[in-house]
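A.B. asks: Please see the structure below; I have some questions.
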Amino acid sequence: MKKLSGNVVASTLGLAIILLWLTNAQAAELRVLAGGAMTTIWGELKPKFEHASGHKLIVRFGTTPELIKLATTGGPFDLGVVPREVFKDAAAQAQFVAGPTTDIARVGLGIAVRSGASKPDISTPHALKQTLLKAESVATIPASAAGAQVLRAFERLGIGEAMKAKIRAQPGPAKVVEAVANGDAELGVFLINVPTAPGLDVVGPFPGDLQQDVVFTAALSTDTKETAVAQALITYLKTPEAAAIIKAKGMMP
């Protein structure tokens, strides 16, 4: 079989979405569950897909525990683009179509400070450990897939107990940004794409093998009645256009 070039593939995928739009007499409303760290990405992807397809997206965001709750008791949905950790919950996994999922984006952990503040050394695991121990407070989201990885990194550095009193737990990514920007926390420690926001300066990623990625993967709901539209959205999320947006927002496709 002849291998298609990237541009041809992109055009073919785009055409598939347009054809789907043309062959549906009535526009569909697609309900999507999405990881909160992808909020800014969906801010750009959503209108582009809606314009190209004629379908409407209703996106609900949450941390991993919130997404598990939404999937199991939050009412019907059509598609999830969620951290892989959601599928480790048996009840949540049962709400998605069995089989392989489609990875959409991944991002690692990083450190941020308030804009204008001096940037501490985190170039090595030892330097990161000293920076964390010297910090008065740290904003993160313990009740999330990324937050769990942050806590595991603290444990690997041997400072799990020492960090407990420093943690300023936040309910969502926007609150991490707000806490650091307002001076309520000295450091923001979370997915590195989150603190790329006004009021914060990114110090850098976790060094070496302390770095861990959170992977956001897509799967259809077992109850969706909009299988074709949901598949078209997954197809769009793998196009070069979507990949460029994901990269621009600090994640890797």
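The values are calculated or read from the model by the stated rules, or taken from the named source; none is laboratory data. It should be emphasised that the depicted structure is a prediction, and the values quoted were computed from it without experimental measurement. Heads up, the Cβs are rebuilt from the backbone with ideal geometry, glycines too, and the neighbour counts pull from every protein chain shown. Accessible surface areas use protein heavy atoms only, side chains included; no ligands, DNA or RNA. Shrake-Rupley method; radii C 1.70, N 1.55, O 1.52, S 1.80 Å.
A.B. asks: On average, how much area does the Cα convex hull of region 101-192 cover when viewed from any direction, in nm²? If you can, show how the numbers build up before the last one.
C.D. replies: Working: hull surface 25.9 nm².
Averaging across all directions leaves 6.5 nm² for the Cα convex hull.
A.B. asks: May I pose another question? Within 10 Å of each candidate Cβ there may be at most 11 other Cβ atoms; applying that plus a DSSP loop requirement, which trypsin sites (Lys or Arg not before Pro) in region 164-253 survive? Please report the intermediate quantities before stating the final value.
C.D. replies: On the way: sites: Lys164, Lys166, Arg168, Lys175, Lys225, Lys238, Lys247, Lys249; in loops: Lys166, Lys225, Lys238, Lys249.
Answer by residue number: Lys225.
A.B. asks: If you keep only loop residues by DSSP, which GluC sites (Glu not before Pro) in region 84-164 have at most 11 other Cβ atoms within 10 Å of their Cβ? Walk me through the numbers on the way to the answer.
C.D. replies: Working: sites: Glu85, Glu136, Glu155, Glu161; in loops: Glu136.
In loop regions of region 84-164 (DSSP not H, G, I, E or B), the sparsely surrounded GluC sites (Glu not before Pro) are Glu136.
A.B. asks: Just the accessible area per residue of region 150-253, please: how many Å² with a 1.4 Å probe? List each step's numbers first, then the result.
C.D. replies: Values: 4520 Å² over 104 residues.
With the other protein chains kept in place, region 150-253 gives 43 Å² per residue.
A.B. asks: Only bridges whose two residues both fall in the chain count here: according to DSSP, what percent of them are antiparallel, nearest 5?
C.D. replies: Details: 22 of 37 bridges.
Here the share of antiparallel DSSP bridges comes out near 60 percent.
A.B. asks: Please state, rounded to one decimal and in Å, the Kirkwood hydrodynamic radius that region 55-165 gives when every pair of distinct Cα atoms enters the mean of 1/r.
C.D. replies: Details: mean 1/r = 0.0602 Å⁻¹.
Result for region 55-165, one decimal place: 16.6 Å.
A.B. asks: Using θ = phi - 60° and the Karplus curve 6.51 cos²θ - 1.76 cosθ + 1.60, what whole-Hz ³J(HN,Hα) does each residue of region 82-98 get, with Gly and Pro shown as x?
C.D. replies: Working through the residues one at a time gives 10, x, 4, 4, 4, 6, 6, 8, 4, 5, 5, 4, 5, 8, 10, 4, 5 Hz.
A.B. asks: What length, rounded to one decimal in nm, is gained on full extension from Ala162 through to Ser137, with 0.36 nm per residue of separation minus their alpha-carbon distance?
C.D. replies: On the way: separation 25, 0.36 × 25 = 9.00 nm, distance 1.12 nm.
Computed gain between Ala162 and Ser137 is 7.9 nm.
A.B. asks: Between Thr102 and Asp209, what is the spin-label point distance in nm, taking each point 7 Å from the Cα along the Cα→C-beta axis?
C.D. replies: Between Thr102 and Asp209, the simple spin-label model gives 3.5 nm.
A.B. asks: From the phi angles alone, apply the Karplus equation (6.51, -1.76, 1.60; θ = phi - 60°) to region 107-117 and give each ³J(HN,Hα) in whole Hz, x where the residue is Gly or Pro.
C.D. replies: 7, x, 8, x, 10, 9, 10, 4, 3, x, 6
A.B. asks: Related question: Checking understanding here: applying a Kyte-Doolittle mean of at least 0.5 and a length along the axis of at least 24 Å (C-alpha), which whole DSSP H helices in the chain pass?
C.D. replies: On the way: long enough: 6-23 (26 Å, 1.81).
TM-like helix candidates: 6-23.
A.B. asks: While we're on this one: Please compute the contact order of the chain in relative form: average sequence separation of alpha-carbon pairs under 8 Å and at least six residues apart, divided by the residue count, as a percent.
C.D. replies: Numbers: 463 pairs, mean separation 74.2, N = 253.
Relative contact order comes out at 29 percent.
A.B. asks: Tabulate in residue order the Karplus-calculated ³J(HN,Hα) for region 204-213, using 6.51 cos²θ - 1.76 cosθ + 1.60 with θ = phi - 60°, rounded to whole Hz; enter x for Gly and Pro.
C.D. replies: x, x, 4, x, x, 7, 6, 6, 9, 8
A.B. asks: Return the calculated 222 nm mean residue ellipticity for the chain, to the nearest 500 deg cm²/dmol, obtained by summing -39500 (n - 2.57) across DSSP H runs with n ≥ 4 and dividing by the residue count.
C.D. replies: Theoretical 222 nm ellipticity from helices: -12000 deg cm²/dmol.
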